[in-house]
Amino acid sequence: MTGYAYTILIPMIPLVMFLVTGLLGMKWKPIVSGLLGTIGMGTSWVLSLITAGSYFFGGHHAEGFQTIIPFETTWLRFTETLHINIGVLLDPISVMMLVVITTISFMVHLYSLGYMKGEKGFARFYAFLSLFTFSMLGLVIATNIFQMYIFWELVGVSSFLLIGFYYTKPSAVAASKKAFIVTRFADLGFLIGILILSFVTGTFDFGKLTEPGTAIFGSAASMSFMGISALTWAMTLIFIGGAGKSAMFPLHIWLPDAMEGPTPVSALIHAATMVVAGVFLVARMFPVIHFQAPDAQEIIGYVGGFTSLFAAVIAITQYDIKRVLAFSTLSQLGYMMLALGVSGYGGEEGLGYMASMFHLFTHAMFKALLFLGAGSIIHAVHSNYMYDMGGLRKYLPITHITFLIACLTIAGVPPLSGFFSKDEILVAALHHNKLLFAVEFLVAGLTAFYMFRLYFSVFWGKDRHYHHTPHESPLTMSIPLMFLAVASVFAGFLPFHHLVTSDKMGFDTEMHMAVAAPSVLIGLFGIAMAWILYKKESAVPEKLAQRWGILYTATYNKFYFDEIYLFVTKKIIFNYISRPIAWFDRHIIDGFMVGIGLVTEKIAYQIKGMQSGQLQHYAFMFVAGTLALALSLVYFLM
Amino acid sequence: MNILTSLVVIPILTIIAILFTKGLKGARLVSAIGMGVQLLVTAVLLFSYLGLRKAGVTDEMVFTADYTWFKSLNIHYFIGVDGIAVAMLCLTSIVVFAGIFASWEMEYLSREFFISLILLATGVYGFFISLDLFTMFLFYELAVIPMYLLIGVWGSGPKESSAMKLTLMLMGGSALLMVGIFGIYYNSAPDGGPLTFNILEIAKIQMPVEAQRFFFPFTFVGFGILGALFPFHTWSPDGHASAPTAVSMLHAGVLMKLGGYGCFRVAMFLMPEAAQEMAWIFIILTTISVVYGAFGAIWQTDLKFINAYSSVSHCGLVIFALLMMNETGMDGAILQMISHGLMTALFFALIGMIYGRTHTRDVTKMGGLMKVIPFLAVVYMIAGFASLGLPGLSGFVAEMTVFVGAFQHQDMFHRVVTVVVASSIVITAVYILRVVGMILLGPIKDSHHEHLEDAKWFEKLSTVTLVLAVAAIGIAPLWLSDTIISSLKPIVERLAMAIPF
Amino acid sequence: MIQGIPLEHFLIVSTIMFFIGVCGFIIRRNLITMLMAIELILNSVNINFVVFNRYLYPDQLQGHFFSLFIVGIAAAEASVAIALIINIYRKLQNIDVENVNELRF
């Protein structure tokens, strides 16, 4: 138990790096901040690997993995039972997330040394990266749901800062604002969910909440609001929080725009770590969701399934390579959510849970690789658009090979890691929900198709007129690519079903050929289609696009969701709520207050004529008044 | 001399010292020294208070002193503090200190300016230490009246009418308050015996319920007007927009807190039955305040208007949380008062500094200031994040305590309005980010803004003081929260005993 | 005491005098005339004082005292008023009360 005290250093090192580079960074040469950040991150990475090694492989786990809390302190106390603690919680999923985050973050730190070289605000960039890593690590090691919320918000802000890194660019500013506000909206759901949950159970603590067969929900069953039980409300609202961060439909709109940030940021935040926070949240609350709110779990499954299909369809028509990757991220996140949605609890039943975590892990590796590869391509040709690219395999050999590996992985070609994790998800889906299985099966084909569409049109096809000959990136950029490529290839052989499971007990799985074979086949079919259409420049895609007409345009414009949101916010909220309120306040309420003043003034103006300055008027009034008083006195007394 | 009395005496001595100075340099130096000493005294007070509590002193009020100054009406100069008052005094000292430095270059009638400013501060200090209703009211008036001069003489824009509106509305509040206070006084001895203004004495007895019903609205609304309670908040945008920087800081940062403080220390503490009975009306009003203020802020283009509406929203949250009448909710209210005081003072300081450079407060005419004045821009962003409730800064602590406290209420109505109120965190994010995006980020809109000077040393001192305070509460809130909660016990117990009828 | 003249006669005279004074004060524009009207009012009161003293408390003198006071004060008042009137005349070249309306809203 005490052996893990050093784990507190894993998030603390990035925090210190943030403070140091943030406060002193502008005084130094930029590269010092970069190196400092990278070394710090490297230390955290090594510590995480040591933690994972000793947690997963250091000792026998016949009765499952223990939850270890090496450090915990009270941060804010509300009542005797409700208090926010800050601490470190180690269990299989948080240890796994530590590894994922520090690995990707370290790779991104390293890669950025080359990619961001010479950019203005280099030190600032590293400070923000450290801040983000700190927040993300704090999120996954949270011991209670409120600590998670705290870091959840911090993650949102650091993401805002990183997306808006090029702050003089209006599009980047708009994108960062959008990302923050959309996720903030979702966080409201999360917050209310927490409030309901804490009201019902009287605790924030994960240990008490997720303990199987716990009695704290005893009183909850009777509580309901609008005919739906309190816990279903709580879990659905918490899922909305997760859906915001993980960009589930219909809160997905911020993610494609978030690609305005520097590419390493997209790799770190919007592919591998922050966007899986939602999945992690659902996984963390899984026992509660599964046992107390099965309806919420249904919702999670369907939302995940729909998002993965929806995003895959859009990805086919996009031309900006980072956006293709963004939609592919959405689609893969949908997979993970769906897997949680169809999972049971314990042993074989918990296959979906295990598969989701497994896919989270492998996806982090290959998606980071894809983004970093895309960064390398963008670095070489200075454009984000596929129609500015072509024939790059000659110029960028390392990028080409690693990108190909990543595409094969995401397409689910055996024996690369994506195949294993996706296969488990499909099996889990087949057991629980045939409809969702069919959707996912289709998406597997689409994924292969759009990824290879990207691959072929970038690396094959005709040469374009480049301003200068594209050249391979420096070593600091290619080493992370190679490392992640190796990780993508071999991550599939990790025995996840023994390590990360719903009830922390290992179980055995076998290959389901009946699922695996067709899914590989549809993947290969997708690749083949892409080969036919995009390997050589041809007019076929153009014609197909015209054939589909409206449908194509709608897809290309992402089904106009951005426009709908824009309409709702700008037109309805701004124009029809905010503006009338501002008007109402100035004219009605303030008008009323000013009106009181004006009326007083008016009356005074009217009666001031009595003060005429004519002595005899006063005398007359005086006498008349005296007489009137005297007469009335006489009248009333008589 | 009692340490609390010295809190009133030091500002007065400072004022007298300023009278002997000449010009801006002397006046600001004396003010800075005086308020610096004041800050130190407050710090000493804080630590000796914590020391006393640690030593096991359980008196409701400590550092008490009592002098009769008007015998026939039984009016006393009765002072004493609990944890809440100490916290409010610390807030006041920090804001006043920062305010002096924010008006470091007040050229026009500088002696008179600093005198009025410190006179205002004297009133605030006196208010927070008083435990006698009449003395409290006296100091309250002392704090409100210099405001008219400060805005009317040193303000900008339509300053005369703004000053008039602000002062008249606050005086209207005072009038209601006076009715309330005399109502309490004449009902302070229902079983015969001498009438008293002493808060602690009155808290021991139960005022007749009919009297409570009649006088509670007077007292609560009277204080509520200063706390920008909807629909009596409209002095706030005009007043803040016209006021000079330091006055906006002091007014939004400290003076508005007098309202919230009075609401629970006088209205709710002394008339618990009526408070329980009428809470729902004010809960609805404050819920409107919170959401309405936030929506109102979205549409504004003047930086100070945005902040004024945001203050309406945040101060609404204070009174909302007070009305939850449980420990956590009221704790959240006090935290929110302190947090809002600090961050809104920071906001107004920054707005003043930005205005001093760009000569406009119109957000549509500014842009890309991050590039030109990075220090001020970064601090503005920090203030913005504090305002939208970023963890690690004070706003988050306060808001979460309010929401958790309010949601623990057993009544469904309270929980539903809590959800409505919580939605303001999204709207707050919208208007904060809108402003940040418009003025700090993006390309530079006005070519005159390409060469502006970044913060000078006194501006840095002023803002950094506030930022440190905001961050300190945000990072380590436990001691503050525990101090407040332990002081809230008698109030909450008294409210809990008053069963709604 | 005063043979054959009943109280009512005195009161009627004084009432008539009083109202003549009031009417004069309100109607006449000339300040001197108004001053004279005030003297009429004061003297009507004097009559009442003296008469009531005589009829109600013949063995006391308070009524007489008061009327003497009033006479004295009226003299003082007349001197102040005439001083004022002279000043007004110097300023306005007439003593018409309608022109003295500086002190108003």
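Which of the residues belonging to segment B:391-413 are facing chain A (nearest Cβ under 7 Å), of a type outside the set (Phe, Trp, Tyr) and in a helix (DSSP H, G or I)?
Listed by number, the residues that qualify are B:Val397, B:Thr401, B:Val404, B:Gly405.
Would you confirm whether or not segment B:164-187 contains a residue that is more than 29 Å from B:Phe63 (Cα to Cα), small (Gly, Ala, Ser), touching a residue at least 60 places away in the same chain (Cβ under 8 Å) and away from every other protein chain (no Cβ under 14 Å)?
No.
Any chance segment A:550-562 includes a residue that's loosely packed, with under 11 Cβ neighbours inside 10 Å and in a helix (DSSP H, G or I)?
First pass over segment A:550-562, keeping only residues loosely packed, with under 11 Cβ neighbours inside 10 Å: A:550.
Those still in the list that are in a helix (DSSP H, G or I) too: A:550.
Yes, the conditions are met somewhere in segment A:550-562.
Confirm whether B:Val9 is modelled with pLDDT under 85 and of a type in the set (A, V, I, L, M, F, W, C). Even if it seems obvious, please write down each step before you answer.
Working: modelled with pLDDT under 85: no; of a type in the set (A, V, I, L, M, F, W, C): yes.
So B:Val9 does not fit the description; no.
Condition check: surrounded by 24 or more Cβ atoms within 10 Å (Cβ to Cβ) and within 29 Å of A:Ile192 (Cα to Cα). Does A:Leu161 satisfy that?
Details: surrounded by 24 or more Cβ atoms within 10 Å (Cβ to Cβ): no; within 29 Å of A:Ile192 (Cα to Cα): yes.
Against the criterion (surrounded by 24 or more Cβ atoms within 10 Å (Cβ to Cβ) and within 29 Å of A:Ile192 (Cα to Cα)), A:Leu161 does not qualify.
Please list, ordered by residue number, the helices (runs of 4 or more DSSP H) wholly in segment B:316-390 having 2 or more residues that are acidic (Asp, Glu).
Output list reads B:327-358.
In segment A:578-625, which residues are surrounded by 13 or more Cβ atoms within 10 Å (Cβ to Cβ), more than 9 Å from chain C (Cβ to nearest Cβ) and of a type in the set (Ser, Thr, Tyr)?
Selection gives A:Ser578, A:Tyr618.
Examine segment A:141-150 for a residue that is hydrophobic (A, V, I, L, M, F, W, C), in contact (Cβ under 8 Å) with a residue 40 or more places away in the chain, assigned to a loop (DSSP other than H, G, I, E, B) and within 14 Å of chain B (Cβ to nearest Cβ), and state whether such a residue exists.
Taking segment A:141-150 first, the residues hydrophobic (A, V, I, L, M, F, W, C) are A:141-142, A:145-146, A:148, A:150.
Subset that is in contact (Cβ under 8 Å) with a residue 40 or more places away in the chain: A:141-142, A:145-146, A:148, A:150.
Narrowing further to those that are assigned to a loop (DSSP other than H, G, I, E, B): A:141-142.
After this cut, where a residue has to be within 14 Å of chain B (Cβ to nearest Cβ) as well, the list is A:142.
There is at least one residue in segment A:141-150 that is hydrophobic (A, V, I, L, M, F, W, C), in contact (Cβ under 8 Å) with a residue 40 or more places away in the chain, assigned to a loop (DSSP other than H, G, I, E, B) and within 14 Å of chain B (Cβ to nearest Cβ).
With the structure loaded, tell me whether B:Pro231 is surrounded by fewer than 24 Cβ atoms within 10 Å (Cβ to Cβ) and either hydrophobic (A, V, I, L, M, F, W, C) or within 14 Å of another protein chain (Cβ to nearest Cβ) (or both) or whether it fails that test. So that I can check it myself, show each step before the final result.
Details: surrounded by fewer than 24 Cβ atoms within 10 Å (Cβ to Cβ): yes; either hydrophobic (A, V, I, L, M, F, W, C) or within 14 Å of another protein chain (Cβ to nearest Cβ) (or both): yes.
Here the answer is yes, as B:Pro231 does meet what is asked.
Search segment A:184-212 for residues that are assigned to a loop (DSSP other than H, G, I, E, B) and surrounded by fewer than 23 Cβ atoms within 10 Å (Cβ to Cβ) and pair each with any residue that is hydroxyl-bearing (Ser, Thr, Tyr) and at pLDDT below 90 when their beta-carbon atoms are under 9 Å apart and the residues are at least 6 apart or on different chains.
Matching pairs, first to second residue: A:Gly202/A:Thr79; A:Gly202/A:Thr81; A:Thr203/A:Thr81; A:Pro212/A:Tyr345.
Return the pair list, or none, for Cβ contacts closer than 6 Å from residues in segment A:54-66 that are closer than 19 Å to A:Gly346 by Cα to residues that are surrounded by 10 or more Cβ atoms within 10 Å (Cβ to Cβ) and modelled with pLDDT of 70 or more, at least 6 apart or on different chains.
A:Phe56/A:Leu499; A:Gly64/A:Lys504; A:Gly64/A:Met505; A:Phe65/A:Pro92; A:Phe65/A:Lys504
State all residues of segment B:280-290 that are crowded, with 22+ Cβ neighbours inside 10 Å and within 12 Å of another protein chain (Cβ to nearest Cβ); if no residue qualifies, say none.
B:Ser289
Can you spot a residue in segment B:414-421 that is at the interface with another protein chain (Cβ under 8 Å from one of its Cβ atoms), at pLDDT 85 or above and touching a Gly at 6+ places or on another chain (Cβ under 6 Å)? Let's see the steps before the verdict.
Step one: of segment B:414-421, the residues at the interface with another protein chain (Cβ under 8 Å from one of its Cβ atoms) are B:415, B:418-419.
Then drop every residue that is not at pLDDT 85 or above, which leaves B:415, B:418-419.
From what is left, the residues that are touching a Gly at 6+ places or on another chain (Cβ under 6 Å) are none.
Scanning segment B:414-421 turns up no residue that is at the interface with another protein chain (Cβ under 8 Å from one of its Cβ atoms), at pLDDT 85 or above and touching a Gly at 6+ places or on another chain (Cβ under 6 Å).
Specify which of the listed residues (C:Asn101, C:Asn94) is more than 14 Å from every other protein chain (Cβ to nearest Cβ), at pLDDT below 90 and either surrounded by fewer than 13 Cβ atoms within 10 Å (Cβ to Cβ) or more than 21 Å from C:His9 (Cα to Cα) (or both). I'd like the intermediate steps shown before the answer.
Values: C:Asn101 fails: more than 14 Å from every other protein chain (Cβ to nearest Cβ).
Exactly one of C:Asn101, C:Asn94 is more than 14 Å from every other protein chain (Cβ to nearest Cβ), at pLDDT below 90 and either surrounded by fewer than 13 Cβ atoms within 10 Å (Cβ to Cβ) or more than 21 Å from C:His9 (Cα to Cα) (or both), namely C:Asn94.
Go through the residues of segment B:423-431 one by one and say whether even a single one is within 12 Å of chain A (Cβ to nearest Cβ), surrounded by fewer than 22 Cβ atoms within 10 Å (Cβ to Cβ) and modelled with pLDDT of 85 or more.
At the first step, the residues of segment B:423-431 found to be within 12 Å of chain A (Cβ to nearest Cβ) are B:423-431.
When the remaining residues are screened for being surrounded by fewer than 22 Cβ atoms within 10 Å (Cβ to Cβ), the result is B:423, B:426.
Okay, now just the ones that are also modelled with pLDDT of 85 or more, so B:423, B:426.
Yes.
Select, from A:Ala380, A:Ala326, the only residue that is touching a His at 6+ places or on another chain (Cβ under 8 Å), surrounded by 24 or more Cβ atoms within 10 Å (Cβ to Cβ) and in contact (Cβ under 8 Å) with a residue 12 or more places away in the chain.
Details: A:Ala380 fails: surrounded by 24 or more Cβ atoms within 10 Å (Cβ to Cβ).
The conditions single out A:Ala326.
What's the number of the condition A:Ala528 fails, among (1) farther than 30 Å from A:Glu211 by Cα; (2) crowded, with 23+ Cβ neighbours inside 10 Å?
(2)
Only residues that are closer than 17 Å to A:Ala296 by Cα and within 7 Å of another protein chain (Cβ to nearest Cβ): list them for segment A:184-194, please.
A:Leu191, A:Ile192
Go through segment A:190-206 and count every residue that is closer than 17 Å to A:Gly87 by Cβ and touching a Leu at 6+ places or on another chain (Cβ under 8 Å).
Total satisfying the criteria: 3.
Just to be sure I understand the filter: pairs with C-beta atoms under 6 Å, separated by 6 or more residues or on different chains, first member in segment A:478-503 and under 14 Å from A:Thr409 (Cβ atoms), second member assigned to a helix (DSSP H, G or I) and of a type in the set (Phe, Trp, Tyr). Which pairs pass?
Close Cβ pairs satisfying both conditions: A:Ser488/A:Phe366; A:Gly492/A:Phe420.
Anything in segment B:351-402 that is touching a Pro at 6+ places or on another chain (Cβ under 6 Å) and either at pLDDT 90 or above or β-branched (Val, Ile, Thr) (or both)? List them, or say none.
Passing the criteria: only B:Val397.
Matching residues to (1) of a type in the set (Val, Ile, Thr); (2) assigned to a helix (DSSP H, G or I):
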position	(1), (2)
A:Trp233	no, yes
A:Phe249	no, no
A:Pro256	no, yes
A:Leu268	no, yes
A:Val276	yes, yes
A:Ala283	no, yes
A:Pro287	no, yes
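Per-residue answers, yes or no, for (1) more than 14 Å from the chain's Cα centre (by Cα); (2) surrounded by fewer than 24 Cβ atoms within 10 Å (Cβ to Cβ); (3) within 19 Å of A:Phe361 (Cβ to Cβ); (4) not aromatic (Phe, Trp, Tyr):
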| position | (1), (2), (3), (4) |
| --- | --- |
| A:Pro250 | no, yes, no, yes |
| A:Val275 | no, no, yes, yes |
| A:Pro287 | yes, yes, no, yes |
| A:Ala311 | yes, no, no, yes |
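In this structure, is A:Ala174 within 11 Å of another protein chain (Cβ to nearest Cβ), on the phi < 0 side of the Ramachandran plot, more than 17 Å from the chain's Cα centre (by Cα) and part of a helix (DSSP H, G or I)?
Working: within 11 Å of another protein chain (Cβ to nearest Cβ): yes; on the phi < 0 side of the Ramachandran plot: yes; more than 17 Å from the chain's Cα centre (by Cα): yes; part of a helix (DSSP H, G or I): yes.
Taking the combined requirement at face value, the residue satisfies it.
Let me confirm something: among A:Thr447, A:Thr501, which residue is surrounded by 15 or more Cβ atoms within 10 Å (Cβ to Cβ), among the β-branched types (Val, Ile, Thr) and not in a helix (DSSP H, G or I)?
Answer to the selection: A:Thr501.
Within segment B:436-449, take every residue that is buried (at least 24 other Cβ atoms within 10 Å of the Cβ) and part of a helix (DSSP H, G or I) and give me the one that is farthest from the other protein chains (Cβ to nearest Cβ).
Filtering first and then ranking leaves B:Ile439.
With (1) more than 15 Å from A:Ala5 (Cα to Cα); (2) away from chain B (no Cβ under 14 Å); (3) buried (at least 22 other Cβ atoms within 10 Å of the Cβ) as the list, and A:Val95 as the residue in question, which single condition is left unmet?
The failed condition is (1).
Could you tell me which numbered condition A:Ala179 fails, if it satisfies all but one of (1) facing chain B (nearest Cβ under 9 Å); (2) within 30 Å of A:Thr263 (Cα to Cα)?
(1)
The values are calculated or read from the model by the stated rules, or taken from the named source; none is laboratory data. Quick caveat, the model's predicted, so the values are computed rather than measured. For neighbour counting, all protein chains shown are included, and Cβ atoms are generated from backbone atoms with ideal geometry for every residue, glycine included.
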